[in-house]
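The values are calculated or read from the model by the stated rules, or taken from the named source; none is laboratory data. Just so it is clear, the structure is predicted and the values come from calculations on it, not from any experiment. Glycine also receives a Cβ, built like all others from the backbone with ideal geometry; neighbour counts cover every protein chain displayed.
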Amino acid sequence: MPSAATCGFAFTYTASQSDNSGLPAAITFDPSSKVFTVVTTDSAQAGTYTVKIKATLDNVAVTIDESVTFTVTINDNCKNDEVTLTAGTEIADSTFYIETSALTTTYSATFTHTFAQCPIAYSLKENTAAYSSAFITNFDTTTGVITISTDSLTFDKVTKTLEVTCTSSLSTHSNAAVSDSFDLTLKDECWDSVLTAPVLTANYPYDLWVQQTMPFSAMTSSVAGCGTINYTVEIIDNTVYTISGLNVVAQPSDKSVWVGTHTFTVTGTLASYSTKTATSNTVTVVISDPCYTTVID
């Protein structure tokens with residue numbers, strides 16, 4: 001018996017679902033090549049489909065149809081996508097130096113996930129809350145890259161805990177999200193300066209009835225331009241003195257209270273750096289009342 005092709009007959013191929021409805025959006029059929037193509041664009045296309053292909057023989061007195069069915073299962077792998085932080089790429093605890101001219105540094109870790117076609121997104125927290133744009137000038141939610149850029153004449157030392165999280169957006173896996181945390185210390189170069197403490201001249205004897213001043217040398221910093229220096233006097237034995245310029249001033253008002261020996265130090269503090277201080281040597285002041293030794297004629 002001659003074949004259909006020998007007799008000049010041709011087959012027409014069509015495809016549908018088994019209920020004769022159109023193919024789902026993820027499945028296409030090329031009748032000329034008789035090839036099915038499956039392309040998914042979102043998780044909603046996952047499922048099991050029964051596909052029917054029908055061959056129709058033309059050019060005969062009676063149209064002859066034959067069909068076969070088969071099953072196409074589209075799995076949603078994104079539900080099982082698992083995120084991993086690549087060992088050795090964790091962001092190390094770091095120090096960022098604030099400079100008077102803008103300095104920019106980026107920080108990033110490397111995350112991978114099981115199914116590359118699945119969408120992922122990055123998020124960032126600072127001390128478990130929303131991050132501050134004061135020093136984080138950009139955070140790329142598609143790559144997880146943190147950009148730090150700022151400039152300041154003076155900047156007090158502060159440490160932030162930053163946490164970058166990579167999340168597979170459609171995954172319901174227990175490892176759908178993985179985080180990398182690190183401590184970022186921000187400071188300017190003045191925090192690395194070496195301070196030379198103020199120096200008070202050696203012990204003083206003072207008369208009660210006369211204002212006295214005790215000079216001390218200025219505190220110095222190995223880094224220039226670190227701002228104002230504030231001085232405070234700390235009395236070890238509960239006496240009150242004041243600072244005027246580079247002098248400790250003593251002029252007691254309640255005369256009888258101040259007679260005696262007093263010990264104190266002077267501390268210099270860089271005004272813009274809350275704990276950057278240096279304390280002087282300890283000196284002793286003996287306050288006497290000359291009236292006690294006055295000779296009455």
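Descriptive notes on the structure:
- Hits in the stretch 113-129 - residues which are surrounded by 14 or more Cβ atoms within 10 Å (Cβ to Cβ) and under 20 Å from the mean Cα position of the chain (by Cα): Ile120, Tyr122, Ser123, Leu124, Lys125, Glu126
- Restricting the stretch 133-146 to residues that are free of Cβ contacts under 8 Å to residues at least 24 places away in the same chain and not in a strand (DSSP E or B), the residue that is farthest from Val158 (Cα to Cα) is Thr142.
- Odd one out for Ala25 among (1) touching a helix residue (DSSP H, G or I) at 6+ places or on another chain (Cβ under 9 Å); (2) at pLDDT below 80: (2)
- Residues that are part of a strand (DSSP E or B) and within 20 Å of Thr185 (Cβ to Cβ), drawn from the stretch 100-129: Leu103, Thr104, Thr105, Thr106, Tyr107, Leu124, Lys125, Glu126, Ala129
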